[in-house]
1. Restricting attention to the stretch 110-126, which residues are closer than 30 Å to Ala78 by Cα and surrounded by fewer than 16 Cβ atoms within 10 Å (Cβ to Cβ)?
2. Please find, within the stretch 13-66, the residue that is farthest from the chain's Cα centre (by Cα) out of those that are β-branched (Val, Ile, Thr) and under 20 Å from Leu153 (Cα atoms).
3. What is the number of the single condition among (1) surrounded by 12 or more Cβ atoms within 10 Å (Cβ to Cβ); (2) more than 20 Å from Leu27 (Cβ to Cβ) that Lys107 does not meet?
4. Assess whether Phe40 counts as being in contact with a helix residue (DSSP H, G or I) (Cβ under 9 Å, 6 or more places away or on another chain), modelled with pLDDT of 95 or more and within 30 Å of Glu20 (Cα to Cα).
5. Going by the conditions given, is Lys3 among the charged types (D, E, K, R), touching a residue at least 60 places away in the same chain (Cβ under 8 Å) and touching a helix residue (DSSP H, G or I) at 6+ places or on another chain (Cβ under 8 Å)?
6. Go through (1) crowded, with 17+ Cβ neighbours inside 10 Å; (2) in contact with a helix residue (DSSP H, G or I) (Cβ under 6 Å, 6 or more places away or on another chain); (3) closer than 16 Å to Ile150 by Cβ; (4) polar (S, T, N, Q) and name the single condition Thr86 misses.
7. How do the helices (runs of 4 or more DSSP H) wholly within the stretch 46-156 filter down when requiring 2 or more residues that are among the aliphatic types (A, V, I, L, M), within 22 Å of Asp33 (Cβ to Cβ) and modelled with pLDDT of 95 or more: which remain?
8. Just the residues that are in a loop (DSSP other than H, G, I, E, B), at pLDDT 95 or above and surrounded by fewer than 20 Cβ atoms within 10 Å (Cβ to Cβ), please, taken from the stretch 12-36.
Amino acid sequence: MEKRIEKAFGKTIYLLGRDEGGTNYWLEEPSWDCGWYWGFGYVECYTNNNNPSMARDITCHQHFDSLFLNGRECARDAFKKFFVETPLSDNEIWELCDYMKTFYTLKSVAELFKHGYSHQTERAKIEKLENKEQNDLVNQVWLPEVFKRIKELFAD
């Protein structure tokens, strides 16, 4: 399976692989949402799954962490069980899983620095944890570096 970068609904998407039913799954590019956080990790399928730019709709929308990171087995093993075919080498799968875990970790850290609490209850707010500079560092420097590395995995 060859690496593919396509467009769907105005967004860049990266081919993750194909399941046993022949469905292709695509990772959507990151987006800066609501002016304060990165939306990313969205795994999607389309009505025209071989040519997503011609699709009329999204047929499935899932999250990378739910599919591969939050289970009982290691992410790489979950990834390899899910897909019967992928354009990524074994080493690239390891890297992608690590980058994705880093993304989710940093996203949580940025949220903590933005709000001063972990978004369970505002009563738990610790004002010393609110830190705009750290939030900006995560969102403007560290996460874009993670996104760059992920994009490079699919560009080879």
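The values are calculated or read from the model by the stated rules, or taken from the named source; none is laboratory data. Predicted model only: the values in this text are computed from it and were never measured. Counting neighbours? That spans all protein chains shown, and the Cβs are built from the backbone with ideal geometry, glycine included.
1. Selection gives Ser118, His119, Gln120.
2. Step by step, filter the stretch 13-66, then rank; the result is Ile13.
3. The single condition Lys107 does not satisfy is (2).
4. Criteria met by Phe40.
5. Here the answer is yes, as Lys3 does meet what is asked.
6. Looking at each condition in turn, Thr86 falls short on (2).
7. 90-115, 143-155
8. Scanning the stretch 12-36 gives Asp19, Glu20, Gly21, Gly22, Thr23, Glu29.
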